[in-house]
Amino acid sequence: MLFSAGLGTRMMPLTEARPKPLVEVAGRPLIDHAIDVAREAGIPRIVANTHYLSELLERHLGDTGVITVFEPELLDTGGGIRNALPFLDADTVVSLNTDVVWRGGNPISALLAAWRMDRMEAMLLLVPRDRAIGHLGAGDFRMDSGGRLSRGPGLVYTGAQIMKTGRLDAFRDANFSLNSVWDGMAADDTLFGLEYDGTWCDVGRPECIALAERLLDV
């Protein structure tokens, strides 16, 4: 699942006439970088949600084999995955933000190698603050010695995860965040993290494009 439906308000004015996933880094749209990550990891089915200027994104993805799911109204991350489940056709999914770039090993491959279906409901890929380029926050999670996550400053969530989808049905509203899903998992000790061994760049603002291209040595 590629998250690509947002309004891109932090990326203005670059998103006045195009959705954020079509903003270019190193001469290629951000969503193309994300598709490469998914394909290199062997993901067999890729779904992208669309909303803002959806026709531009759907046209760009038309010949790529990526399935697009239009959201008439924004559903946030949890609602977005639940809305796309008929197209994902799986009860365990990988999701990836499209406004990031990576330097290092394939992030999805790292998650797949560490995933343990018998004891995990979700595994989030994280980076220490000093390897989170362009990110302004203090971090999102703490991780214990067994890999279980709790809220707090420290490790930054990269926007890549594996997650079982069973809890999504419990939410009555169409629009809800994955944060609410993760909080329930953390309470049950089934929310895990994995530290990414490379460097990650948040490309959420115009000034981050140069940072991302520097990270990619462009």
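The values are calculated or read from the model by the stated rules, or taken from the named source; none is laboratory data. Quick caveat, the model's predicted, so the values are computed rather than measured. With ideal geometry, Cβ positions are generated from the backbone for all residues, glycine too; neighbour counts draw on all protein chains shown. These accessible areas exclude ligands, DNA and RNA; they are computed on the full protein's heavy atoms, side chains included. Shrake-Rupley method; radii C 1.70, N 1.55, O 1.52, S 1.80 Å.
The table below gives the values:
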| quantity | calculated |
| --- | --- |
| Residue that is most open to solvent (accessible area, probe 1.4 Å) [pool: residues in region 27-45 that are within 11 Å of Thr98 (Cβ to Cβ) and in contact (Cβ under 8 Å) with a residue 40 or more places away in the chain] | His33 |
| Residues of region 109-123 that turn out to be closer than 18 Å to Asp91 by Cβ and either among the aliphatic types (A, V, I, L, M) or at pLDDT below 95 (or both), as a count | 6 |
| Residue in region 27-50 that is closer than 24 Å to Met163 by Cβ and either hydroxyl-bearing (Ser, Thr, Tyr) or at pLDDT below 95 (or both) present | yes |
| Residue match in region 195-214 (condition: within 19 Å of the chain's Cα centre (by Cα), farther than 27 Å from Ala26 by Cα and modelled with pLDDT of 95 or more) | no |
| Residue ID - nearest to Leu211 (Cα to Cα), chosen from residues in region 51-82 that are charged (D, E, K, R) and open to solvent by less than 60 Å² (accessible area, probe 1.4 Å) | Glu71 |
| Conditions (1) part of a strand (DSSP E or B); (2) open to solvent by 30 Å² or more (accessible area, probe 1.4 Å); number of the one not met by Ala48 | (2) |
| Failed criterion for Gly184 (all others in (1) closer than 27 Å to Gly105 by Cβ; (2) open to solvent by less than 30 Å² (accessible area, probe 1.4 Å) hold) | (1) |
| Residue list for region 134-167, restricted to those being closer than 29 Å to Leu88 by Cβ, in a strand (DSSP E or B), open to solvent by 30 Å² or more (accessible area, probe 1.4 Å) and not aliphatic (A, V, I, L, M) | Arg148, Ser150, Arg151, Tyr157, Lys164 |
| Within region 63-80, tally of residues that are assigned to a loop (DSSP other than H, G, I, E, B) and either out of contact with any Ser or Thr (no Cβ under 9 Å at 6 or more places or on another chain) or modelled with pLDDT under 95 (or both) | 8 |
| Meets criteria (in a loop (DSSP other than H, G, I, E, B) and not hydrophobic (A, V, I, L, M, F, W, C)) for Gly6 | yes |
| Matching residues in region 88-101 - criterion: being surrounded by fewer than 24 Cβ atoms within 10 Å (Cβ to Cβ) and of a type outside the set (A, V, I, L, M) | Asp89, Asp91, Thr92, Ser95, Asn97 |
| Number of positions in region 116-131 that are buried (at least 22 other Cβ atoms within 10 Å of the Cβ) and in a strand (DSSP E or B) | 6 |
| Cβ pairs under 7 Å, 6+ apart, first in region 55-77 and touching a residue at least 60 places away in the same chain (Cβ under 8 Å), second surrounded by fewer than 19 Cβ atoms within 10 Å (Cβ to Cβ) and among the hydroxyl-bearing types (Ser, Thr, Tyr) | Asp76/Ser177; Thr77/Ser177 |
